[in-house]
């Protein structure tokens, strides 16, 4: 091999290895986020004070973070009501909200949730929440999909 | 009797100074740490500077964990585990190859150019 080709070749190999190393590092960082926070199953439901039994939730269910002060939550609300009609189980987590405002909001717009938990931000932190609304799709107890921002029909049409 | 009272008061004052200095140091340590945590919903801001719900909640959660006895390092590791490395303004130093590659490439380019110059000089 020609001597003057050797150095660029070595440089190229080092670069390829560096890029591969970088991507292998970044794909392993969020493994812990795949599981649902145990706090969800330790916090009682707001209305009936019962704990959620994950085994009765079935193979597929949804966790939706919402708040009465959040306008995009209102935009996705009719879709959640639609999902309830199709027997999709949704755990609603009321994020950092005033209790009276929350109750009024549910009374006014309807309750699409199987369970509602009130959260001071601790569950949100454990679930890696960025903002409300945020929706987690759970298959076999593992988070398979996460949607930040309001849900659209296209996001859920496969489940309806 | 009088002397012992003075000593007692002195100890009390020293204790008070120590406790307040400790708690002040804690507040300082926390606010310094907040500056290194990226607010993921605001462009280029740390949670210290931001008043978004995300930043307020994160500050509260970190404060709770700190008060419960977790160290800043432990909190930082937990935060990275939950939100990924992008949550921190201080990237981890363990990417030796990532940090070293530009330097290695530069050295290789330098040697390559030097050899090229020598090659043409011989012609």
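Descriptive notes on the structure:
- Relative contact order of the range A:32-95, defined on C-alpha pairs under 8 angstrom at six or more residues apart (%): 32
- Length added when fully stretched, residue A:84-residue A:157, from 0.36 nm per residue minus Cα-Cα: 25.0 nm
- Each Cα pair under 8 Å and six or more residues apart adds its sequence gap; the mean of these over the residue count of the range A:43-139 is a relative contact order of 41 percent.
- Per residue convex hull volume, Cα atoms of the range B:2-92, in Å³: 109
- Approximate spin-label separation residue B:74-residue B:90, in nm, with each point projected 7 Å along Cα-to-Cβ: 1.8
- Principal axis box of the range A:35-154, alpha-carbon based, largest edge first, Å: 32, 32, 26
- Judged by the ratio a/c of the largest to the smallest principal axis of the C-alpha gyration tensor, the protein assembly as shown counts as oblate, that ratio being 1.5 or greater while a/b is no larger than b/c.
- What the Cβ-Cβ distance of residue A:139 and residue A:42 gives, at R0 = 22 Å and to the nearest 0.05, is a FRET efficiency of 0.50.
- Footprinting exposure proxy for A:100, B:43, B:85, B:49 (fewest neighbouring C-beta atoms within 10 Å first): B:43, A:100, B:49, B:85
- Surface/4 estimate of mean projected area, convex hull on alpha-carbon atoms of the range A:91-130, nm²: 2.9
- In the range B:76-123, one over the average inverse separation of all distinct C-alpha pairs is 13.8 Å, which is the Kirkwood hydrodynamic radius.
- Helix content alone sets the calculated 222 nm mean residue ellipticity of the protein assembly as shown: runs of n ≥ 4 DSSP H residues at -39500 (n - 2.57) each, divided across all residues, give -17500 deg cm²/dmol.
- Ranking of B:8, B:66, A:125 by count of other Cβ atoms within 10 Å, fewest first: B:8, B:66, A:125
Bear in mind that the values in this text are calculations on the coordinates, not laboratory data. Not measured: the values here are computed from a predicted model. Neighbour counts run over all protein chains shown; Cβ positions are idealised from the backbone, glycine included.
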